[in-house]
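The values are calculated or read from the model by the stated rules, or taken from the named source; none is laboratory data. Note that the structure is a prediction, hence the values are computed from the model and not measured. Every residue, glycine as well, gets a Cβ built from its backbone with ideal geometry; the counts of neighbours run over all protein chains shown.
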Amino acid sequence: MLRFLAGKGVQYALVLLFAITLNFLLPRMMPGSPLVFLVGEDIGFMPAAQRAQIMREFGLDQALWRQYLIYLGNLAQGDLGFSYQQGRPIAEIILNRLPWTLLLVGLSLLLATLIGVTWGLLAAWRRGTSVDLGSLGVAMFFESTPSFWLGMIFIAVFAAGFGWFPIFGAQTIGVPLSGAAWVVDRLRHLALPMATLTLITIPGMFMIMRYAMLAVLDEQYVTTARSKGVAERRVIYGHAMRNALLPVATVFMLNLGTVVSGATVIETVFSYPGIGRLLFEAVLARDYPVIQATFFIVTVSVIGMNIIADLLYPIIDPRVRHAR
Amino acid sequence: MRSNAAVKTTAEATDDGAAARAMAPTVRAPRRRFRLGAVGTVGVLLIVMLSSAGGLAPWIAPYDPDETVGDPFEPPSSRHWLGTNDVGRDILSELIYGIRISMTVGFLAAAVSIAIGTLVGIVAGYFSGWVDMLLMRLVDIVLVIPFLPLMILLAAYLGPSFWNIILVIGFLVWARPARVLRAQVLSLRSLDYVDAARALGASSARVLRRHILPGVLSLSLAQFILAASGAILIEASLSFLGLGDPTAKSWGSTLYYAQVRSAFLSGAWKWWVVPPGVLITAAVLGFAFTGYALEEALNPRLQR
């Protein structure tokens, strides 16, 4: 159990180190002055004195390893850099955006897992029937559909067409709302992006659950349970499902990166003011420090979610809990 | 119990087929492992249809996709079946030429990733020990990193170009194939003929080249096709975010311009947004179907 967590810890530390080092090296390794990337393309218009001061701030006149130490030190203090284009510290920009993404990703993941796992269970139970094969076909179709395209169609049909949902954003701007109206307003803005992200996340969960369930149903203890006359319902939920959920939990963690990636594109389509939309805006504006900080924060969030999942894993799998 | 019954029917059907083939003495039974099944056939058909349309683009596309041939935002008509875009170019022609870009990027990116994946998988599986541990650690790390933000970061720095997109995708999606291939190498390595070759004094290089590589190539092919399906989808996402090659418009770029011009707010989405998405889905599905069918036929771990 401890060894399992320690191994995971090393893995996440290495991922973090990779992200940090990449962020550090990219602007410094590109041809031309790193200032173009650290400050922005209008560095040419900046007075020489100010430019020299920024050079000093980043330690650009010093050896690379000293720059790296300065960089690490700043990061450790929660300093994600400064967006010269927006004239604000990046940490502040990201803190404004992060809650929206967490809301979107969190709810979609929860919903997609519930639906996907139940659906996969039912399909595996009815293995080989038209229900099972049809489900597989639908799942593969949605796995192959570009998420942003699905979002665009949803906007065209449900928002612009029927007018059931707002077309963009996360809240109505300029109208003061309170109480229930405030909540309803946020939920109506959340509905379409969440539906899109959920729909493209379900197939992955469905596939894993179905395969895991098929494997478990072939196990001897399932046959034993059936042959001693345990009710089918109890065999499925009591014996098979509980074991099939284990690989689901593992792949769930592996999928987090994919779901977050999906959110990036979906937020862009819906102009949903989360981290993904921020990344898109930064790419359009060539605001490199923001692109880097966003990548860093997304990586940290994915690692964070992985750690939570790792800590929960022993609870669902007693074998991990008791192993040395 | 229902599931068992279903399995039996399938098994019986297969047996009947085999019996029928055995009774026709002049027809040799096809090697079972290369049968693709209905899903695989649909997949191959989709790929063949799309690639031939892409290959024949200059002959079947009604207009030059880079030429202004009408007014901006024209709805579909007999002259422009899918209307025109924001600068008066024919959308249908753009999509037909887009096949070339999307599928080429998918193929080349998949080739890069499978080359890396196969190398890593074989080396890790064959040498085991600390080499294996190190490489699999690397695989774990690559799998945890949120790949799209990383690709966006790299593409933003390297600049949007055809080759940069291919390299960025290729260098970031090799981890899954590496893992699958390593498992295959592990099972191959313990086979008698590999032991025999080693006992006869064959060098590692020779064993790898003559005995291990041929055994994983077919599985590499299945992984290659699955990777191509993923790469097409990723290319579409990157192009949609404005990071595609501006001189070579793929399906994703078409959707980028449709999004920027708010095509979904007017009726234009029916001919400007729907068709490229359907094409992307068809291409991805074609490769995915083929890949899954191949993987199921070739991967001993999936056979029951």
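The table below lists the values:
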quantity	calculated
Residue satisfying condition, being modelled with pLDDT under 80 and under 19 Å from A:Pro27 (Cβ atoms), within set A:Gln62, A:Gln67	A:Gln62
Helices (runs of 4 or more DSSP H) (entirely within region B:90-199) containing at least 1 residues that are among the basic types (Lys, Arg) and away from chain A (no Cβ under 14 Å)	B:91-127, B:175-189, B:192-199
Test: residue in region A:101-114 that is part of a helix (DSSP H, G or I), modelled with pLDDT of 90 or more, of a type in the set (Ser, Thr, Tyr) and surrounded by fewer than 20 Cβ atoms within 10 Å (Cβ to Cβ)	no
Pick from region A:20-38, criterion not in a helix (DSSP H, G or I) and not small (Gly, Ala, Ser), ranking: nearest to the other protein chains (Cβ to nearest Cβ)	A:Met30
Candidate set: region B:274-295, residues that are closer than 12 Å to B:Leu221 by Cα and of a type outside the set (Gly, Ala, Ser); chosen: the one modelled with the lowest pLDDT	B:Glu295
Only listed residue being in contact (Cβ under 8 Å) with a residue 24 or more places away in the chain, closer than 19 Å to B:Pro65 by Cβ and buried (at least 19 other Cβ atoms within 10 Å of the Cβ), chosen from B:Leu279, B:Leu294, B:Leu298	B:Leu279
Failed item, numbered, when A:Ser130 is tested on (1) without any contact (Cβ under 8 Å) to a residue 60 or more places away in the chain; (2) polar (S, T, N, Q); (3) within 28 Å of A:Leu187 (Cα to Cα)	(3)
When residues of region B:205-260 are limited to those that are among the aromatic types (Phe, Trp, Tyr) and facing chain A (nearest Cβ under 10 Å), the one nearest to A:Gly276 (Cα to Cα)	B:Phe240
So B:Ala263, is it at negative phi and within 12 Å of chain A (Cβ to nearest Cβ)	yes
Test set (1) surrounded by 21 or more Cβ atoms within 10 Å (Cβ to Cβ); (2) more than 21 Å from B:Leu108 (Cβ to Cβ); (3) at the interface with another protein chain (Cβ under 9 Å from one of its Cβ atoms) - B:Val274 fails condition number	(1)
Residue within region A:67-74 that is touching a Pro at 6+ places or on another chain (Cβ under 7 Å), in contact (Cβ under 8 Å) with a residue 12 or more places away in the chain and assigned to a helix (DSSP H, G or I) present	no
Count of residues meeting criterion [buried (at least 17 other Cβ atoms within 10 Å of the Cβ) and more than 12 Å from chain B (Cβ to nearest Cβ)] in region A:1-19	0
